[in-house]
Amino acid sequence: MSEYLDIKSVSEGYSNKVKQDLKFRTGVFVWKVMFNIALNPATVNNQNLSVIGANGKKLNTRISYDAEAHTIEIEPTEAYVQGETYTLHVTRAVESKGGQRLKNEIDISFSV
């Protein structure tokens with residue numbers, strides 16, 4: 001498995017926010033999504049954040065939220081398949097503690 005992902009596309013308006021700063025934890029890439037405000041932890045879950053394979057199936061993931069750093073980590077619990085394309089999907093249902101939602105859903109298409 002390579003050390004970097006090949007970012008294929010990013011939702012409009014978010015391309016300047018995607019950085020190639022990756023780390024390994026369990027042999028798979030862990031996505032780190034940073035926000036500038038505190039989030040409602042109840043909205044940080046596998047329904048609102050997911051990694052989807054080319055076949056449209058969601059990968060099993062472990063989602064964790066660091067309230068102090070306003071950072072979500074999305075870690076697949078199954079290995080990515082070399083050469084496959086996936087999409088990291090963040091829905092508008094992720095909201096701040098004050099109830100503010102994202103303006104748009106975010107999709108980042110990548111291949112391993």
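The values are calculated or read from the model by the stated rules, or taken from the named source; none is laboratory data. Because the structure is a prediction, the values reported are computed rather than measured. Cβ placement follows ideal geometry from the backbone for every residue including glycine, while neighbour counts extend to all protein chains displayed. Ligands, DNA and RNA are excluded from the accessible area calculation, which covers all protein heavy atoms including side chains. Shrake-Rupley method; radii C 1.70, N 1.55, O 1.52, S 1.80 Å.
At 1.4 Å probe size, with every protein chain present, just tell me what the per residue accessible area of segment 56-112 comes to in Å². List each step's numbers first, then the result.
Details: 3060 Å² over 57 residues.
About 54 Å² of surface per residue is accessible.
Using amide H atoms built 1.01 Å from N in the peptide plane, name the residues 5+ places from Thr61, or on other chains, whose amide H lies under 5 Å from its own.
Result for Thr61 returns Thr77.
Quick one: Karplus J couplings for segment 99-112, per residue in order, coefficients 6.51, -1.76, 1.60, θ = phi - 60°, nearest Hz, x for Gly and Pro?
Listing the rounded values in order: x, 7, 9, 4, 5, 9, 5, 10, 10, 10, 8, 8, 10, 9 Hz.
What's the FRET efficiency of Arg92 with Lys32 using the Cβ-Cβ distance as r and R₀ = 22 Å, to the nearest 0.05?
Calculated value: 0.65.
Go ahead and run the numbers for FRET between Tyr14 and Gln82, Cβ-Cβ distance against an R0 of 22 Å, rounding to 0.05. Spell out each step's value before the answer.
Working: r = 26 Å, r/R0 = 1.18.
The computed FRET efficiency comes out at 0.25.
Would you tally the net charge around Thr87, using a Cβ to Cβ cut-off of less than 12 Å, leaving Thr87 out, and scoring K and R as +1, D and E as -1?
Every neighbour counted, the sum reads 0.
I'd like the carbon and sulfur percentage of the solvent accessible area for segment 22-112, probe radius 1.4 Å, heavy atoms only, ligands and nucleic acids excluded.
After summing per-atom areas, the C and S share lands at 47 percent.
For an R0 of 35 angstrom, estimate the FRET efficiency from the Cβ-Cβ distance between Asn55 and Leu102 and round to the nearest 0.05. Numbers along the way, then the final one.
On the way: r = 26 Å, r/R0 = 0.74.
Between Asn55 and Leu102 the formula returns 0.85.
Please turn the phi angles of segment 51-57 into ³J(HN,Hα) values with the Karplus equation 6.51 cos²θ - 1.76 cosθ + 1.60 (θ = phi - 60°), one per residue in order, whole Hz, x for glycine and proline.
Calculated HN-Hα couplings, in order: 10, 10, x, 4, 7, x, 8 Hz.
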